[in-house]
Structure formats: structure tokens, C-alpha cells
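Only the coordinates and a few stated rules stand behind these numbers; no lab work does. Bear in mind that the values here come from a model prediction, so they are computed numbers and not experimental data. So basically every Cβ, Gly included, is an ideal-geometry build from the backbone, and we count neighbours across all protein chains shown.
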Amino acid sequence: MPLALRLQRAWLSRGPLAWVLRPLAALHRLLLALHRLGFRAGWRRIERLPVPVVVVGNLIAGGAGKTPTCLALVDLLRAQGWTPGLVSRGYGRREGDEAILLVQPDTPAARCGDEPLLLRRRSGAPLAVGRRRAEAGRALLAAHPEVDVIVCDDGLQHLALARDAQVIVFDERGAGNGWLLPAGPLREPMPSRVPPRSVLLYNAPRASTPLPGHVAVRRLGRFVALESWHQGRHESTDLRGHRLLAAAGLAHPQRFFAMLREAGLDIAAELPLPDHHDFATLPWPAGTPEVVVTEKDAVKLDPARLGSTRAWVATLDFELPPAFAAELLALLPARAPALPHR
């Protein structure tokens with residue numbers, strides 16, 4: 001069994017492997033404490049941008065639903081009259097890793113990361129990637145002065161960026177075994193109460209920790225031909241009755257496969273791939289008639305490479321509960337209503 005899979009299984013309980021890794025988790029806790037002390041003592045600078053910042057992140061390693069949460073937040077903020085922009089670390093970038101990059105819809109995923117490219121294409125909001133989020137935010141505001149609020153993807157542990165609000169996302173795993181990496185899945189210790197200026201969102205059927213929060217509604221949206229999806233057209237096709245190979249380069253691909261089956265699709269084979277799989281070569285057997293993939297994978301698939309294989313993209317709808325929206329918006333500065341157009 002691959003080490004990554006062994007670790008993920010170990011993180012769900014306090015078994016032998018987790019106990020063996022406990023000394024490393026103790027070292028991790030010490031380093032985290034020193035890191036936080038540097039900011040509290042003023043030895044390290046916390047930078048504040050001239051517009052409100054909403055940070056989206058998770059305490060647990062691996063995907064918990066940050067990308068659909070960011071997309072839903074952009075929609076929510078627009079509905080309230082804001083003009084949002086996005087900032088991301090750009091995980092998986094292979095070029096210009098230190099540079100700030102303003103992402104365009106046609107930017108290659110290798111330059112900006114697959115999730116930032118998906119965020120840019122799906123939301124239409126301007127987006128900048130950079131290891132230093134404050135620098136990326138300043139570059140974004142310089143290029144797009146109309147932006148008046150920034151959503152920061154995966155910045156919960158990036159303490160150098162000041163934030164007005166933060167959204168902490170959990171999935172079905174909750175806090176796992178409750179231990180820090182590498183003995184458990186936690187990036188930082190699990191708090192006993194909701195941190196200040198934070199709102200919890202559960203990307204799961206129900207709350208998966210004792211902390212109070214809101215349960216998002218997630219469901220498959222449309223099934224769109226890959227070539228149409230790349231052209232920005234989202235005509236839906238009914239795939240019931242098609243025999244499909246399902247491929248997913250996600251942290252938890254089984255969640256995607258289960259959603260496809262719940263939608264009534266005939267999944268002839270499952271192809272779980274590593275998170276952020278680059279699709280440098282096609283991972284399914286030559287001659288596969290039809291495949292269905294996630295949007296995160298679709299940004300790295302050129303329809304011209306597929307030959308006779310027909311590829312479909314499964315879109316994900318993510319609905320924020322009204323109580324969540326009210327709690328989050330209460331943390332942001334009051335915004336004057338827009339004047340009607342004449």
C-alpha cells in the first residue's frame with residue numbers, strides 16, 4: 001500500500017503507525033508555537049491590504065472543499081454589491097514559483113496551479129497567485145482597482161496576511177484522530193471553540209466536529225462535454241445509460257465516484273489518481289469510449305489529445321446556508337447599497 005494511503009488511514013484512528021509518528025507531531029507542535037510567537041511578538045510582520053480580506057482554509061490535510069467554498073463566496077459577495085478578487089498560493093506551480101502571476105482564463109495550469117485556474121475560469125473574478133499572499137493581493141489591486149474585497153484560497157495558516165474574516169472548512173473526516181501531522185491529519189491543533197472572526201462550514205452531510213457551524217449543500221450540477229466546457233459553454237447532457245470510466249485527481253476521489261453513482265450514472269470503472277495529477281499522459285486505457293472527470297482535472301485536459309475518447313466534465317454546485325451568509329457578512333465592513341443604473 002502506498003505510504004500516502006497508509007497515512008490517510010492511520011489518521012482516522014490512533015493505531016500503531018500514528019503512535020510511532022507522535023514524536024514528530026510533538027516537534028510539529030513546537031514549530032507551530034514558535035511560528036505564532038513570531039507574529040504575536042512583532043518579530044514577523046502582519047500585512048493588511050487596503051480592502052477587506054476573507055480567508056478560506058482548513059485545519060485538516062487534504063481537500064476539504066475550499067475551492068467550491070471560494071466560488072460560492074464570490075457569488076455571495078457579488079450578490080451583496082461587492083466586486084471580489086481572488087488570491088491563491090498556486091499549489092503545484094512548476095514555473096516562476098517565487099513570482100506573482102495574474103492568472104488569465106488561458107494561463108496553463110502548470111504556471112498557476114489547477115485550482116487557481118479553475119477558480120479563475122468558473123468565477124470570472126480576477127485572480128493572482130503567489131507564495132506571499134499580501135504581495136499577490138497588492139498586485140491584484142494594482143491591476144484591478146475595481147476590486148473591493150479579496151477572497152484568499154487556502155490561507156488559514158498564512159499568518160502574514162491580515163484578515164477580516166476566515167471560513168474554516170471541514171469534510172466528513174472532521175478532525176480525524178485529533179493529532180497533528182504526521183501522526184494525524186491536523187495542520188494545527190484543534191481549537192476548543194470557534195476562533196475569533198471565524199465561521200465554520202461543513203462540506204459534509206452533517207457537522208463532523210463538536211464545533212458549531214453550518215452545513216453546506218453540495219450536489220452534482222451538469223455534465224458538459226469537455227470541448228464545450230473549455231469554450232465556456234455549459235450545455236448539460238444526460239449521461240444516464242452511458243457506460244463511463246470515472247477519473248479523479250483529488251485528495252479523496254471516492255467522494256466523487258460516490259456522487260456519480262448517487263446521480264444514477266453507470267460507472268464501469270473507477271480511476272483514482274493522485275491529488276493535482278498533471279495528466280502529462282492520459283491515465284486511462286487507449287480506446288476507452290467515454291470518461292467523466294472533475295473540473296479540477298478538466299483544466300489540464302486538452303480535448304485535442306483525447307482521440308476517439310469522449311470526455312465529460314461533472315460540475316459541482318455548492319450552496320451556502322443563509323445563516324452562514326449572514327454570519328460571514330456581519331464580520332465585514334458595512335457596504336452602502338449601490339445606486340440604481342439609469
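A few points about this structure:
- Evaluated with a Cβ-only charge set (Lys, Arg +1; Asp, Glu -1), the chain carries a dipole of roughly 1040 debye about its Cα centre, given to the nearest 20.
- Spacing of the modelled spin labels on Arg193 and Leu282, each 7 Å from Cα toward Cβ, amounts to 5.7 nm.
- A Gaussian network model of the chain, with springs between Cα atoms under 10 Å, assigns the largest mean-square fluctuation among Arg131, Arg233, Arg222 to Arg233.
- Shape of the chain, Cα gyration tensor, a/c cut at 1.5: oblate
- For Val149, distant residues with modelled amide H under 5 Å away: Thr83, Gly85
- Restricting segment 1-84 to trypsin sites (Lys or Arg not before Pro) in coil, as DSSP defines it, with at most 11 other Cβ within 10 Å: Arg45
- Within a Gaussian network of the chain (alpha carbon springs, distance under 10 Å), most fluctuating of Gly249, Gly221, Gly264: Gly264
- Rounded FRET efficiency, nearest 0.05, which uses the C-beta distance separating Leu32 from Ala334 and R0 of 30 Å: 0.30
- Helix-derived mean residue ellipticity, 222 nm - over the chain, DSSP H n ≥ 4, -39500 (n - 2.57), to 500: -8000 deg cm²/dmol
- Taking amide H as placed 1.01 Å from N in the peptide plane, the amide H of Leu127 sits under 5 Å from that of Leu86, Val103, each at least 5 places away or on another chain.
- Among His277, His230, His144, residue whose mean-square fluctuation peaks in a GNM of the chain (springs only between Cα atoms under 10 Å): His144
- Only beta bridges with both residues in segment 202-316 are counted; by DSSP, about 20 percent of them are antiparallel.
- Debye-formula intensities of segment 204-301, expressed as log10 I(q)/I(0) at q = 0.11, 0.12, 0.16 Å⁻¹, are -0.38, -0.44, -0.75 (one equal scatterer per alpha-carbon, no solvent).
- Amide H contacts of Glu290 (H built 1.01 Å from N, in plane; Pro and chain starts excluded): Leu245, Arg310 sit under 5 Å, all sequence-distant by 5 or more or on other chains.
- Global geometry of segment 10-75, whether rounded, prolate or oblate, following the gyration tensor of its Cα atoms and the 1.5 cut on a/c: oblate
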